[in-house]
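The values are calculated or read from the model by the stated rules, or taken from the named source; none is laboratory data. What you see is a predicted model; the values in this text were computed from it and never measured. Neighbour counts are summed over all protein chains in view; Cβ atoms, including those assigned to glycine, are modelled from backbone coordinates with ideal geometry. Note: areas computed on protein heavy atoms with side chains; ligands, DNA, RNA excluded. Shrake-Rupley method; radii C 1.70, N 1.55, O 1.52, S 1.80 Å.
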Amino acid sequence: QVQLVESGGGLVQAGGSLRLSCVASGRTFSGYTMAWFRQAPGKEREFVAAISWRGDLTYYLDSVKGRFTISRHNAVNTVYLQMNMLRPEDTAVYYCAAGFAVASTTLSSKYNYWGQGTQVTVSS
């Protein structure tokens, strides 16, 4: 089992920045692909970004490319999502996920473990 705990969400004005963190505990962290998904009210959960377990491969939703950066620090079992130039349409609950999927996988069903989510609200 892997337990995931997200933090770093909050309220920010459009154009601002936030950094989300996700700390893993339980089984070894370094073998998992890690990803961030988000879900806005009334919408499906969508893939945002993923990073391979070595950290050498990253993938992004087109609308966040150039604004968001995913990274990981395996020594402290943590994955990050740096979000810059935030827009009101980025408002959602952001979830951290872990799985043995290849890093290019955008399907939520391929990830085995999920955090409880952290709210990000971007005001216009």
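Key figures
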read-out	value
Residue in segment 1-30 that is nearest to the chain's Cα centre (by Cα), counting only those that are among the aliphatic types (A, V, I, L, M) and under 17 Å from Val64 (Cβ atoms)	Leu20
Residue satisfying condition, being among the hydrophobic types (A, V, I, L, M, F, W, C), more than 16 Å from Asn112 (Cα to Cα), surrounded by 13 or more Cβ atoms within 10 Å (Cβ to Cβ) and at pLDDT 95 or above, within set Leu20, Leu4	Leu20
Looking only at segment 48-62, and only at residues there that are hydrophobic (A, V, I, L, M, F, W, C) and out of contact with any Leu (no Cβ under 6 Å at 6 or more places or on another chain), the one that is modelled with the lowest pLDDT	Trp53
Subset of segment 44-78 [part of a loop (DSSP other than H, G, I, E, B), touching a residue at least 12 places away in the same chain (Cβ under 8 Å) and of a type in the set (Lys, Arg)]	Arg45, Arg67
Selected residue (criterion: modelled with the highest pLDDT) from residues of segment 79-103 that are part of a loop (DSSP other than H, G, I, E, B) and within 13 Å of Met34 (Cβ to Cβ)	Phe100
Of residues in segment 30-43 being farther than 19 Å from Glu89 by Cα and in contact (Cβ under 8 Å) with a residue 60 or more places away in the chain, the one most open to solvent (accessible area, probe 1.4 Å)	Gly31
